[in-house]
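The values are calculated or read from the model by the stated rules, or taken from the named source; none is laboratory data. Since the structure is predicted, the reported quantities are computational estimates derived from the model, not experimental observations. Neighbour counts run over all protein chains shown; Cβ positions are idealised from the backbone, glycine included. Just the protein is used for accessible areas: all its heavy atoms, side chains included, with ligands, DNA and RNA removed. Shrake-Rupley method; radii C 1.70, N 1.55, O 1.52, S 1.80 Å.
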Amino acid sequence: MRKQMEGDNQRRRALARQARERGLRPSQTGASLSASKQVTSLDRHDRSGPPPAGRHKPDTTRGGPAPPPVAVAEQQRPLPDPAPSPGISMSYRDLVDDVSRRAGVDFTTAKVAAEGTVLALAQALDEAERERLLEAVPLTLHDVVPVYGMEPRRDLPGFLAEVGRYSRLTPEQARYQAEATLAALAEADAELVESLRVPDELRDLLGPTDFGGGLVGASSATAPLTEPELRDALASLPYWSSDRRSLVRTIELPGGNLDRVLDRLDQLKAEAGRAPQIGRPDPDNAVLTVRTQQVDGVTAADVDLAHRVDAAVDEAGAGMAAG
């Protein structure tokens, strides 16, 4: 063995000398492994210890074949053009934003009302018209709740009741938000909306809206109540007053009871999409303010919220005194 090693060393030295004569380093011809590299390799082997048990991928250090090189594309393969999506070209967010603007409500309220309107309308149409509507509108308007979760109502009161049941709106609110949704759809695809065989009793929702009543204004936003309408509304809200721009109620209770009432009012945001603004000048008093920011006046939605506040206060506790 020693003689063989000496012979190997002699051959490597000869090859190394020939490499130097050719102006090359010995390592470039495979003639030798320099001493520094041998020491480094052995030292690394000693520190690493034996290889872990189990099967190992072959590599050049274990005598197996080297793994193939990773392929690198010279240029990116062109992707096919996406197929155009049928139906209304307006995006879901743009459509809901339009409903929000027309109805004068926030995005979340408009989203739920738009979904309820599309679902209720789909059920009011015959099967062929229903499929045409659902294929045209953004999928997000009807992919959360099955269409068949809605009752097929072809009369106006029943239709509005279904929209209100889904959206948790009063019939009056359901009407102006359904009208806002259908107007936004017509803006995006007038031909589709006009061609749908909508039941006669629902045709009123597709026409121009009568302004006033705190529901829809001439600018397609929520309109304020008229003076007589505001007086009638306050007659049904004995704890509230108004400066013609907002509704205000003061609650006076011992601190612990008042905390419980205010905690209940905080839940209205999740339930109704809106909640009153709450001021607390001292521990035993709270001032509730209801106002539609986009409108310079009290709206029907404000009156509805004030009634919800009264019901929530009654639910939370007794012993209240209005200030």
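Stretching ASN285 away from GLU252 to a fully extended chain increases their span by 11.4 nm, per 0.36 nm per residue minus the current alpha-carbon distance. What's the local net charge at VAL261, with K and R +1, D and E -1, over the other residues with C-beta under 13 Å away? Residues near VAL261 contribute -4 overall. Each peptide in 285-293, 254-262 was scored by the mean count of other Cβ atoms within 10 Å over its residues; highest first, the order is 285-293, 254-262. Looking at the square roots a ≥ b ≥ c of the eigenvalues of the Cα gyration tensor of the range 110-198, which shape do they give, rounded for a/c under 1.5, prolate if a/b is larger than b/c, or oblate? Taking the square roots of the gyration eigenvalues as a ≥ b ≥ c, the range 110-198 is rounded. Taken along the Cα-to-beta-carbon direction at a fixed 7 Å, the label points for GLN277 and ALA190 span 4.0 nm.
Using a ≥ b ≥ c from the Cα gyration tensor of the range 263-313 (square roots of the eigenvalues), is it rounded, prolate or oblate, where a/c under 1.5 gives rounded and otherwise the larger of a/b and b/c decides, a/b for prolate? It is oblate, given that a/c is not under 1.5 and a/b is not larger than b/c.
Remark: accessible surface ordering of GLU162, GLU271, GLU127 (largest first) is GLU127, GLU271, GLU162, probe radius 1.4 Å. Across q = 0.25, 0.27, 0.28 Å⁻¹, the range 237-286 modelled as identical point scatterers on its alpha-carbon atoms has Debye log10 I(q)/I(0) values of -1.07, -1.13, -1.15, in the order of the q list.
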